[in-house]
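Novice: Supplied in structure tokens, the structure appears directly below.
What follows draws every value from the coordinates through simple rules; no lab data is involved. On a predicted model such as this, the values are computed, not experimentally measured, just so you know. Every residue, glycine among them, receives a Cβ derived from its backbone with ideal geometry; neighbour counts consider all protein chains shown.
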Amino acid sequence: MCTCVYENSVMVKYYGPLAFFFTVTSLLTVGSFVNRGAFVSPLAPIEAFYYGIIGPARLLTLLSAEAIGGFTAFRFARSLWWHSLQYSQAHFENFTNPACTINYKIAFPLVIAFEIVGSFLLRLILPNLPLRGKSYTVSATVAAFLSFALVYVGVPGLNPVVASSRLFGCEGIDTQWFIALYWICPVIGWLAAAALQKSMTKKATKKLKKKSN
């Protein structure tokens with residue numbers, strides 16, 4: 001997944017946001033059938049740790065595995081660029097000039113708000129999608145959020161590991177703000193939605209008990 005995001009700008013440049021949406025939807029759908037329960041994002045494990053479902057050792061193992069995957073993504077992407085230099089001018093440019101700059105289309109406070117609200121909405125929406133065809137609807141929902149971010153925000157985040165793999169070290173934002181924006185903000189939004197979900201579930205359970213009595 002981390003390797004795929006290196007092609008985002010190329011895809012949008014030559015084929016447009018709609019092609020990006022359908023490509024991401026397809027990749028996530030295929031991934032949902034073959035990942036065998038992999039979290040992919042650190043947000044769900046962090047939530048599980050926060051509520052005592054998993055311990056610190058399990059959390060550290062999961063985060064380490066995701067970090068290793070994110071770290072190797074750049075090397076794998078460079079390998080793909082190397083083998084396709086003669087076929088793609090974009091890959092030639094990416095391989096010869098790996099430097100990157102983060103450019104936002106909106107004010108930075110709005111970017112912060114998007115990371116918090118976007119993560120909040122994803123946590124609230126995804127678990128409540130209908131079970132029938134959920135693999136497809138989850139993929140389409142995530143792809144829609146990322147496509148919106150790519151078009152209107154400029155840089156899609158919402159997944160700390162993927163964002164770190166692709167954007168960490170790029171010019172335009174220092175390390176402290178990078179961690180705050182792409183790690184702390186999504187965690188805040190995700191946990192806030194989880195807390196709201198649990199509160200709503202408790203209230204619904206109490207109402208059902210009252211009706212049954």
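Novice: Output the residues belonging to region 16-55 that are touching a Phe, Trp or Tyr at 6+ places or on another chain (Cβ under 7 Å) and without any contact (Cβ under 8 Å) to a residue 60 or more places away in the chain.
Specialist: Within region 16-55, Pro45 is the sole residue that qualifies.
Novice: For region 168-177, which residues satisfy the criterion of being aromatic (Phe, Trp, Tyr) and assigned to a helix (DSSP H, G or I)?
Specialist: Once the filter is applied, which keeps residues that are aromatic (Phe, Trp, Tyr) and assigned to a helix (DSSP H, G or I), region 168-177 yields only Trp177.
Novice: Scan region 99-115 residue by residue and report those that are among the charged types (D, E, K, R) and free of Cβ contacts under 8 Å to residues at least 60 places away in the same chain.
Specialist: Lys105
Novice: Further question on the same structure: Can you tell me which residues in region 128-167 are touching a residue at least 60 places away in the same chain (Cβ under 8 Å), polar (S, T, N, Q), outside any loop (DSSP other than H, G, I, E, B) and in contact with a Pro (Cβ under 9 Å, 6 or more places away or on another chain)?
Specialist: Ser147
Novice: Could you check how many residues of region 14-55 are outside any loop (DSSP other than H, G, I, E, B) and either surrounded by 12 or more Cβ atoms within 10 Å (Cβ to Cβ) or among the hydrophobic types (A, V, I, L, M, F, W, C) (or both)?
Specialist: Adding up the residues that qualify gives 27.
Novice: Sticking with this one: Residues that are of a type in the set (Phe, Trp, Tyr), within 24 Å of Tyr51 (Cα to Cα) and either in contact (Cβ under 8 Å) with a residue 24 or more places away in the chain or in contact with a helix residue (DSSP H, G or I) (Cβ under 6 Å, 6 or more places away or on another chain) (or both): does region 171-184 have at least one?
Specialist: Scanning region 171-184, I find at least one residue that is of a type in the set (Phe, Trp, Tyr), within 24 Å of Tyr51 (Cα to Cα) and either in contact (Cβ under 8 Å) with a residue 24 or more places away in the chain or in contact with a helix residue (DSSP H, G or I) (Cβ under 6 Å, 6 or more places away or on another chain) (or both), so the answer is yes.
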